[in-house]
Amino acid sequence: MDSSNVISEQNLATTRELLAEMEAGDESKARQSLETLVRSGESKLYQELGKLTRDLHDALNSFRLDARISDIAAKEIPDARERLNYVISMTDKAANTTLNAVEESMPMCESLENQAGELQEQWQQFVQRKLGANEFRELSQRLGDFLQESADSSRKIRGNFNDVLMAQDFQDLTGQIIKKVITLVEEVEGNLVNLVKLSGEQAAPEQEKEKSEEEKRQEAIAGQGPVVPGVDSGEVLSGQDDVDDLLSSLGF
Amino acid sequence: MKILIVDDFSTMRRIIKNLLRDLGFTNTQEADDGVTALPMLQAGDFDFLVTDWNMPGMQGIDLLKAVRADAKLKEMPVLMVTAEQKREQIVEAAQAGVNGYIVKPFTAQTLKEKIDKIFERIEA
């Protein structure tokens, strides 16, 4: 039986009772019956209110109980920040190791190149029999030194190449770390989508503030780092050739 | 020829320094953004400025504008070496009076070409 209808068997019975009790002059019983009637009228409102309260309670609980979300906020996001900082420090270290090796090797190559050039000239003179005995002694001394230096430098340069080789291991390690962070970002995205669904569509997008010409211009020229293919859009030039074309069209 | 290299990443400064040295420019100094670079330029006898765009503190484009606004520095050739490659940005740099614009990643060959071109134009 639907208790929300005013005309119901139960209400009819109570009303009859109430009438009888009033006619009989039974004050306390009449009051009781009257209250029963009033309450039955309000029950629909109570039911609705109860339902709403339950929904609200469930919604709050589903939030509060979703420990995953608080875990992400409290632990995993700061973790991810640390991981990415570690990526920066690893790539920095690799770049510096490589640069050290190059900066140490370059002067050795230059020295060998220069000496080889000079020795070649003298050697040509020797081949053409233009060298005197003293000059030949000097040449042979220099050749001996050069061979020694060649061997030493080659050994050092080979060692430096090895350092450069080993420094590339950052690629594997940073790749793994970044993949992990991407997984986290995906999870956060999923949770955000759920949050938007829960909060419903009531939250209308905020009216975008009209930007002044100057603001737009400043935004357009603000430095934003490297362009990522497939992500960044707008009038981005695709490389040095395009930049050169644009500059030459501007009279460069 | 004394050159100032401005970039917030020390590795990029080292790369540019090594490339310049290979091109025969051995007298280089470094700064990590416009705020540090500008007083160095004003105090020192630099002949050439190589700068990045996106840096904390003072950005490269603002450094370029400051150089052009400074009576003593306004003739100094400026080469931008940057990852910024939006059309508006390049137009902005050109209007601000940049002498050359190289986008990262770049090659040693590109650096040589642009520097040669800048000095050809200055000597012409």
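Results, tabulated for the structure shown:
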read-out	value
Spread of Cα-to-Cα distances over 5 Å intervals beginning at zero, given as percent, for the stretch B:76-124	5, 20, 30, 25, 16, 4, 0
Ranked packing of A:120-129, B:107-116, most packed first, by mean Cβ within 10 Å	B:107-116, A:120-129
Heavy-atom accessible surface of the stretch B:1-84: percent carbon and sulfur, 1.4 Å	53 percent
Note, ³J(HN,Hα) from phi for the stretch A:141-157, Karplus 6.51, -1.76, 1.60, rounded to Hz, x at Gly and Pro	4, 5, 4, x, 4, 4, 4, 4, 5, 4, 5, 4, 5, 4, 4, 5, 5
Residue-by-residue Karplus 3J(HN,Hα) for the stretch A:27-43, coefficients 6.51, -1.76, 1.60, Hz, glycine and proline x	4, 5, 5, 4, 4, 4, 4, 4, 4, 4, 4, 4, 4, 5, x, 8, 4
Among A:ARG16, A:ARG217, A:ARG158, residue whose mean-square fluctuation peaks in a GNM of chain A (springs only between Cα atoms under 10 Å)	A:ARG217
Per-residue HN-Hα couplings for the stretch B:99-109 [Karplus 6.51, -1.76, 1.60; θ = phi - 60°; Hz; x = Gly/Pro]	9, x, 9, 10, 9, 7, x, 10, 10, 4, 4
Other-chain or far-sequence residues with amide H under 5 Å of B:GLY100's (modelled H)	B:VAL78, B:MET80
Computed P(r) (all Cα pairs; the stretch A:98-252; 10 Å bins; percent)	7, 14, 16, 18, 15, 12, 9, 5, 3, 1, 0
Under-5 Å amide H pairs with B:GLU30, H placed in peptide plane, nonlocal only	B:ILE5
Accessible surface buried upon B-A contact (total; probe 1.4 Å; Å², nearest 100)	2700 Å²
Local electrostatic count, B:PRO56, Cβ distance below 10 Å [Lys/Arg +1, Asp/Glu -1]	-3
Per residue solvent-accessible surface (Å²) - the protein assembly as shown, probe of 1.4 Å	66 Å²
Apportionment of accessible area to carbon and sulfur, the stretch A:95-141, percent (1.4 Å)	50 percent
Candidate residues A:LEU246, B:LEU23: accessible-area rank, largest first, probe 1.4 Å	B:LEU23, A:LEU246
Chain A, helix-only ellipticity at 222 nm - DSSP H runs n ≥ 4, -39,500 (n - 2.57), divided by all residues, nearest 500	-27000 deg cm²/dmol
Rg ratio (alpha-carbon, reference 2.2 N^0.38 Å) - the protein assembly as shown	1.85
For the stretch B:47-67, residues shielded by at least 30 square angstrom of accessible area compared with the chain on its own, probe 1.4 Å	B:ASN54
Placed amide H near B:PHE48: partners under 5 Å, 5+ positions off or other chain	B:LYS2, B:LEU4
Per-selection Rg to Rh, the stretch A:20-61 - Cα, Kirkwood hydrodynamic radius	1.37
The stretch A:145-189 and the stretch A:13-61: distance between their alpha carbon centers, rounded to Å	80 Å
Pair-distance profile P(r), taking every C-alpha pair of the stretch A:8-142, with 5 angstrom steps and integer %	2, 7, 7, 6, 5, 4, 4, 4, 4, 4, 4, 4, 4, 3, 3, 3, 3, 3, 3, 3, 2, 2, 2, 2, 2, 2, 2, 2, 1, 1, 0
Principal-axis tilt of helix A:240-249 within chain A, Cα atoms, nearest 10 degrees	90 degrees
Rg(Cα) / (2.2 N^0.38 Å) computed for chain B, rounded to two decimals	0.95
Gyration tensor (alpha-carbon) shape descriptor, the stretch B:26-76, a/c threshold 1.5	oblate
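The values are calculated or read from the model by the stated rules, or taken from the named source; none is laboratory data. No experiment lies behind these values; they were computed from the predicted model shown. As a convention, Cβ positions derive from the backbone with ideal geometry for all residues, glycine included, and neighbour counts pool all protein chains shown. Accessible surface areas use protein heavy atoms only, side chains included; no ligands, DNA or RNA. Shrake-Rupley method; radii C 1.70, N 1.55, O 1.52, S 1.80 Å.
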